[in-house]
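The next block holds one structure in the form of structure tokens; read it before the comments.
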Amino acid sequence: MYKSMRKFLLTLTMVMCSIVASADEGMWMLSNINPKTAQKMKELGLTLTPEQLYNPEGRSLKDAVINLGDFCSGVVVSPEGLFFTNHHCGYGAIQALSTPEDDILKNGFVAKKREQERPARGLYVRFLDRVEDCTERVNEELSRLYKEKAGVMDSAQVESAYIDSICIALEREFMFEKRNKGLDCRVASYYGGNAFYANFYKVYHDIRLVFTATETLGKFGGDTDNWMWPRQTCDFSMFRIYAKPDGTPAEYSEDNVPLKTPGYAPVSIKGYAPGDYCMTIGYPGSTDRYLSSWGIIERTEATNQAVIDVRTAKQNVWKHWMDEDRTIELKYSSKWASSSNYWKNSIGMNKAVKDLDVVGQKQQIEENLRQWFAKDKARKAEYGSVLPTLEKAYTERKHKMALLTYFSETFLRGIELRNIANRVARLPYDANEEDAALCVSNLKAIYKDYEPRVDEETMGTLLENYRQWSKGEHLPAFYTLIDSNYGGSTMAYAKDVFAKTCLLDTTCVAKVMADSTLRETDMAISYTNDIMEAYASLIAQVRNTMHVIDFNERLLTKAIMEMDSEKSHYSNANMTMRLSYGSIKDYTAGGTHYNYFTNSQSLLDKIAQQKEIADYVMEPEITKLLKKGKFGKYKDKKTKQMQLCFLSNNDITGGNSGSPMFDGNGHVIGLAFDGNWEAMAGDISFDPALQRCIGVDIRFVLWIIDRWGGGKNIIKELGL
């Protein structure tokens, strides 16, 4: 096994150095840009060298790109720690800073002085320091464990049981090294578990809001336009990083000062044209481009469909309450955005997988592999069982995976009361004042954006929804109580749970500490205990199959890369820094041609022509500004129009939101915020004819800051 892995690493090295001239697809590691890749990027219009993109020993463009809270990306645009990200990335922080009396989520916010910038508690940013290959270290430990556990565990079980602990141990070892003082380390898996790299970060926790446009601008088009083109969304927000006077990270303090950031990216108002070089650098979250055909079938028919079904039911309840009460809408706006985003993504992915025959494409690759195996006894011995094993394992697991997803979406992600009960139930029996204070603090954060009336109706709805879909299979124990005491009515049960539980305010902590019997008798805690017991049982039923699938999907990735060793290959996204290069480009789909940009008139047309759609409502003052047409230096010099959003063929996915879109000189021309509907299968299959990255034009952003927000201080800080 270990010798085979060494051989694969040599192949992988050759693969990474064999990028063909036509390759624009891919989420590439900045630390591994080879001469052929650099040449292709240069041919497309990049003027920067690989060292100017990534240089752990000196300043480079990677120093301007940030990971925002491990869920989005952003770009530093001034030497005073000022950074851009998307509005939907900053949404949670903006919502947390909003109150019914000071509704900055709805009305927008601009800090015209530093002292007006508002602390975004809980938000943090990561700066990448460097990346180091640690594959050999991981594989040496795996090789030792294969031998030690031989006869007790097979290779798949060893990898599944120990790979995370091996990576964590390496992280701790690296962080204790003197050269890594003050750095966080994360060892991540690449190429489906065939390679490992240590990523070193400096993390800052004092982040403050500087600017946000109105919600109507930042979310223009809302769910109606999400994942669609054309778009007119001004999807940006602006924050600043603070640190100690010596530049070291610190928690929020009035004594902190703006972080001095020499590694920042200039903003350009020169614009772009079709065919111009465009590059994104950010932190894409998750792709599965090497996934087997059976894995794709399970993903669409089991996992995605469960997400669609449960979230449709949940969001219908939420929407009713949000439409009725602005206070509830404010509380649930961030949760709604998060839930509906992946809900619509799942719908689009299922459609695109079918329309583009992605399963058929994967089956052809698998047939090619079978023929490749047959030509060589050594290959057949190493890989011959991979495909039949995957087919058998996925066939056995598919129904259970659907059940598991329905269960998770219902009980772990759908009904919020479980999260509250779980936190209280985890209090130690001998909890001290510090334990209690921490629990109260965590609960306060939850209760701020929680409405029991909404959750009660959600519970009743989703409990019945789960029972109907599962046909009574794998029901938590409280369903017996529902049938015996409540005549089978999940709504009546939910009403009683919320009427009798003590968990609806922070006094519950003191009550549970004073009376330990509540851990068993409180209806919400009892309900939660039943859920966790049923969940553990369900996980146990699929655990062994998960080991088999994960192990053989890794071997499948390895085999594909060896078979196509002359072809360029990149690792799936895993929330580490990646680069995507390409060009400004339009596209045609379903017989319709789509232009590469939208303009101010297209936004006004949507407002005027589709008044019945709430997502297209805009404040009169902003509409009036747009109609005046005084765009000045922010108007495009070639088209003579105010351009709002634009397209490139960059390869992006979730987590890339907020990624800077750079021109060939490394200047910011936009912020990536979405992909297009026709290419929603992009996380598992890249289609160069259809795949597009949607970004907000930085000139639209600056015009809003300048003309609507009056943020002359910001424009001046940006050197404009």
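The values are calculated or read from the model by the stated rules, or taken from the named source; none is laboratory data. This one's a predicted model, so the numbers in the text were calculated from it and none came from an experiment. Using ideal geometry, Cβ is built from the backbone for each residue, glycine included, and neighbour counts are taken over all protein chains shown.
All of VAL548, VAL497, VAL512 fail the test of being closer than 30 Å to MET27 by Cα and part of a helix (DSSP H, G or I), apart from VAL548. When the range 404-430 is examined, which residues are found to be outside any loop (DSSP other than H, G, I, E, B) and either aliphatic (A, V, I, L, M) or touching a His at 6+ places or on another chain (Cβ under 6 Å) (or both)? Listed by number, the residues that qualify are LEU404, LEU412, LEU417, ILE420, ALA421, VAL424, ALA425.
Could you please let me know if LYS627 is over 30 Å from ASP687 (Cα atoms), free of Cβ contacts under 8 Å to residues at least 40 places away in the same chain and not assigned by TED's automatic domain parsing to the domain that holds GLY74? Step through it out loud before you land on a result.
Values: over 30 Å from ASP687 (Cα atoms): yes; free of Cβ contacts under 8 Å to residues at least 40 places away in the same chain: yes; not assigned by TED's automatic domain parsing to the domain that holds GLY74: yes.
Taking the combined requirement at face value, the residue satisfies it.
Just so you know, in the range 565-582 the residues that are among the small types (Gly, Ala, Ser) and over 24 Å from the mean Cα position of the chain (by Cα) include one that is farthest from GLY69 (Cα to Cα), and it is SER565. Does SER583 qualify as being surrounded by 11 or more Cβ atoms within 10 Å (Cβ to Cβ), in contact with a Gly (Cβ under 8 Å, 6 or more places away or on another chain) and either outside any loop (DSSP other than H, G, I, E, B) or of a type in the set (A, V, I, L, M) (or both)? Answer is yes for this residue. Inside the range 498-547, residues that are loosely packed, with under 15 Cβ neighbours inside 10 Å, hydrophobic (A, V, I, L, M, F, W, C) and farther than 19 Å from LEU427 by Cβ make up a count of 4.
Results for (1) within 27 Å of ALA93 (Cβ to Cβ); (2) in the same structural domain as TYR91 (by TED's automatic domain parsing); (3) assigned to a strand (DSSP E or B); (4) not polar (S, T, N, Q), shown as yes or no for each residue.
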position	(1), (2), (3), (4)
VAL152	no, yes, no, yes
GLU159	no, yes, no, yes
GLU173	no, yes, no, yes
VAL187	no, yes, yes, yes
TYR197	no, yes, yes, yes
THR216	yes, yes, no, no
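Looking for something within 30 Å of PRO660 (Cα to Cα), among the β-branched types (Val, Ile, Thr) and in a helix (DSSP H, G or I) - is there at least one such residue anywhere in the range 350-364? Within the range 350-364, one or more residues are within 30 Å of PRO660 (Cα to Cα), among the β-branched types (Val, Ile, Thr) and in a helix (DSSP H, G or I). Looking at the range 228-255, which of the residues that are of a type in the set (S, T, N, Q) and either surrounded by fewer than 21 Cβ atoms within 10 Å (Cβ to Cβ) or at pLDDT below 95 (or both) is farthest from VAL210 (Cα to Cα)? Filtering first and then ranking leaves THR248.
Within the range 228-251, no residue that is assigned by TED's automatic domain parsing to the domain that holds GLN691 sits with its Cβ atom under 9 Å from a residue that is crowded, with 24+ Cβ neighbours inside 10 Å at 6+ positions apart or across chains.
When restricted to residues that are of a type in the set (S, T, N, Q), assigned to a loop (DSSP other than H, G, I, E, B) and within 30 Å of HIS205 (Cα to Cα), the range 227-247 contains 1. The sole residue among LYS640, LYS624 that is out of contact with any Gly (no Cβ under 9 Å at 6 or more places or on another chain), in a helix (DSSP H, G or I) and not acidic (Asp, Glu) is LYS624. Of all residues assigned to the range 515-523, at least one qualifies as being closer than 27 Å to TYR332 by Cβ and assigned by TED's automatic domain parsing to the domain that holds ASP325.
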